[in-house]
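The values are calculated or read from the model by the stated rules, or taken from the named source; none is laboratory data. Computed from a predicted model, the values in this text were never measured in an experiment. Please note: Cβ atoms are built from the backbone with ideal geometry, for glycine as well, and neighbour counts cover all protein chains shown. Keep in mind that these areas ignore ligands, DNA and RNA; they rest on the heavy atoms of the full protein, side chains included. Shrake-Rupley method; radii C 1.70, N 1.55, O 1.52, S 1.80 Å.
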Amino acid sequence: MSMQEQSLDAAGAPAIEIVQVHKAFGSLHVLKGVSLTVMPGTVTAILGPSGSGKSTLLRMINQLETRTGGEIFIEGELVGYKPLGNGGLRLLDDKEVAAQRSKIGMVFQRFNLFPHMTAVENVMEAPVHVGGVAKREAREQALNELDRVGLADRANYYPAQLSGGQQQRVAIARALAMHPSIMLFDEPTSALDPELVGEVLAVMRQVAKEGITMVVVTHEMGFAREVADQVVFMDQGVVVEHGGSDIIDHPQTERFGAFLKSVL
Amino acid sequence: MPRSDSDGGLDIPNRISARPVRKPGPYIAAVVVVVVALMLLHGMVTNPNFDWPTVWMYLFNENVLSGIGWTLQLTVYAMVLATVLAVILAMMRKSANPVLRGVSWFFIWFFRGTPVYTQLVFWGLLAVLVPRMALGIPFGPEFWSIDTKTLISAGTAAVLGLGLNEAAYLSEIVRAGIEAVDTGQSEAAAALGMRRSLIMRRIVLPQAMRIIVPPTGNETIGMLKTTSLVLAVPFSLELQFATNAIANRIYKPIPLLLVACIWYLVITTVLMMLQSRLEHHFGKGFDARAMGSKGKQPPLPGKTSGEPKDAVDKVNQATMVGLNA
Ligand SMILES: Nc1ncnc2c1ncn2[C@@H]1O[C@H](COP(=O)(O)OP(=O)(O)OP(=O)(O)O)[C@@H](O)[C@H]1O
Ligand SMILES: [Mg+2]
């Protein structure tokens, strides 16, 4: 599905709107005015060399990182702050932050499954304790989610008993169990042995088909080329180039061209 | 367990069955240990100074048994109080609120920094030092007041003294356990929309328990013996006091010390069994062997086998007091 089709849809409002975002860690200026619009149901791939600020940008979207300047809107709602009548801002409290996050699923490079829970318990955890779903119902739904990622037969395994690829698929199922409208992936296949990458990418393709808005930081050019509606290339804290997936084969800037040569 | 090394009923035509390598080391060691143990046992049983008939006579003495009851109660109440306080103190230490952090720091500084024996003396003297306690506005009106003696009996003073002191040590153990849990765990939970308190309760503490339980077992066993210090309060019903009282009456200290030792060992054995069950419970998912990921998983917090801590002086004091009493 192309960008043009999407914006012609009923869509109208973007799923994610990032406006001139800055991030400084102390005196280290990591993001220097990044803007990005993600339309509902599209897949955005973020590419860039190590240290360019990709993870920082992604983590800001669900407030694992605060921003130093700029604005982020999720489905039109300002992230992290509440606008006050007098034009000022107030920080959101714990409960409000949690509510904003529950609309967004996130998948990490190092999986971060809960090691003291089995696969199915990992998937059930948030629906039961955040969503208030009854345990029996949540277990049934969790088994369905595990089935979707092809792991129904591993439901009662602990994470340590699963391969990396299986762990990452459980992590995806765990995020999907909260029925998020947006999924963030931070290098989901970078910690995997090459032969396990394919199974995770296959699951991600399927998620994309289901119309969930996806933002994916990745080094998998094949995946980006095939699945992404929008490709963003970042370097040294700024967006250097962005466009459709065709820019991977026809980079417009020298820096992106050089980067592509180094990874392909 | 879905996966195991055992037979599993699988039909493997060329299943390997090999006998283990025979090593003489274990046999030699076993013989040496058995001989030494027999020598010690022979010495102890035949040595008239140990006076086993007296040991046997007083092993199930009424006062001794009630002393065990009190020792167990003091241990349990003090440890429960200490655990609850320790978790609160550890959370306060990690809080964003500087006042809470300061209070926690001060509590730990004070109760770790002064001898438990002295603290127990003060708890015992509280009714003398502060005869009445009142609720009200400082330097203003009083709403309610009570005699300290009615509020804090010798038993309460003993539990408070032991529990508050222990809480300071335990809270550092709890804090170390919490800090050992990978931050990725909290982040993953937060990303799922879990709130801070829920993350602590469901995700962080259960994993921290693996690290907290072994040294807490140590502390509990230490507490069992530290209870003998409560004669500082003075509280005079627990096991060590009971056996000492009998020893002083019949002029036979050695057999009565043996009686106390036997019972402390019995209780310690039970506590160690409880500890290993707890370790098994909180080790779920961690005992499972990783496979197929070639070490690329997030690191699991390491298992500690109990930290040494500066309780040596506590124990020494306990023995000295026991002998002198
Ligand atoms: N918590 C932090 N404190 C200080 N500096 C940080 C912190 N997190 C990230 N940085 C710095 O910010 C910069 C951008 O980091 P970021 O993790 O966003 O890069 P990245 O593009 O995701 O790189 P990679 O491809 O290696 O994951 C780096 O220079 C990093 O050292
Ligand atoms: Mg990164």
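Can you give the charge dipole size of the stretch A:143-232 about its Cα centre, rounded to the nearest 20 debye, using +1 on the beta carbon of Lys and Arg and -1 on the beta carbon of Asp and Glu?
Once rounded to the nearest 20, the dipole reads 180 debye.
Which residue, chosen from B:SER197, B:ALA245, B:THR227, occupies the Cα position most advanced towards the positive end of the dipole of the stretch B:194-266, where the dipole is computed from +1 (Lys, Arg) and -1 (Asp, Glu) charges on Cβ about the Cα centre?
Of the listed residues, the answer is B:SER197.
Karplus couplings for the stretch A:234-240 from phi (6.51 cos²θ - 1.76 cosθ + 1.60, θ = phi - 60°), rounded to Hz, Gly and Pro as x?
10, 8, 6, x, 10, 7, 7
Rounded, prolate or oblate for chain A? Axes are the square roots of the Cα gyration tensor eigenvalues, ordered a ≥ b ≥ c, and the cut-off for rounded is a/c under 1.5.
oblate
Quick one: putting +1 on the C-beta of Lys and Arg, -1 on the C-beta of Asp and Glu, what dipole do you get for chain B around its Cα centre, in Debye to the nearest 20?
The dipole of chain B has a size of about 940 debye.
So which of A:LYS23/A:LYS82; A:LYS209/A:LYS261; A:LYS54/B:LYS284; A:LYS135/A:LYS209; A:LYS32/A:LYS209 end up more than 26 Å apart by C-alpha?
From A:LYS23/A:LYS82; A:LYS209/A:LYS261; A:LYS54/B:LYS284; A:LYS135/A:LYS209; A:LYS32/A:LYS209, over 26 Å: A:LYS209/A:LYS261; A:LYS54/B:LYS284; A:LYS135/A:LYS209; A:LYS32/A:LYS209.
Indicate, rounded to the nearest 5 percent, the antiparallel portion of the DSSP beta bridges found entirely in the protein assembly as shown.
60 percent
What accessible area, summed over both chains, is buried at the A-B interface (1.4 Å probe, Å², nearest 100)?
Using a 1.4 Å probe, the pair buries roughly 3300 Å².
So how far, in whole Å, is the C-alpha centre of the stretch B:176-233 from the one of the stretch A:44-58?
Here the two parts' Cα centres lie 36 Å apart.
About the Cα centre of the stretch B:125-204, how large is the charge dipole given +1 on each Lys and Arg Cβ and -1 on each Asp and Glu Cβ? Please answer in debye to the nearest 20.
In total the dipole reaches around 240 debye.
Return the FRET efficiency for the residue pair A:ALA202, B:HIS281: r is the Cβ-Cβ distance, R0 is 35 Å, and the value is rounded to the nearest 0.05.
Calculated transfer efficiency: 0.40.
Quick one: compute the contact order of chain B, relative version, from alpha carbon pairs under 8 angstrom and 6+ residues apart, as a percent.
Worked out over chain B, it gives 24 percent.
First select every other residue whose beta carbon is under 9 angstrom from the beta carbon of A:ARG255; then total the charges, Lys and Arg +1, Asp and Glu -1.
Result for the local shell: -3.
Using a 1.4 Å probe on the protein chains only, how many percent of the accessible area of the protein assembly as shown belongs to carbon and sulfur?
61 percent
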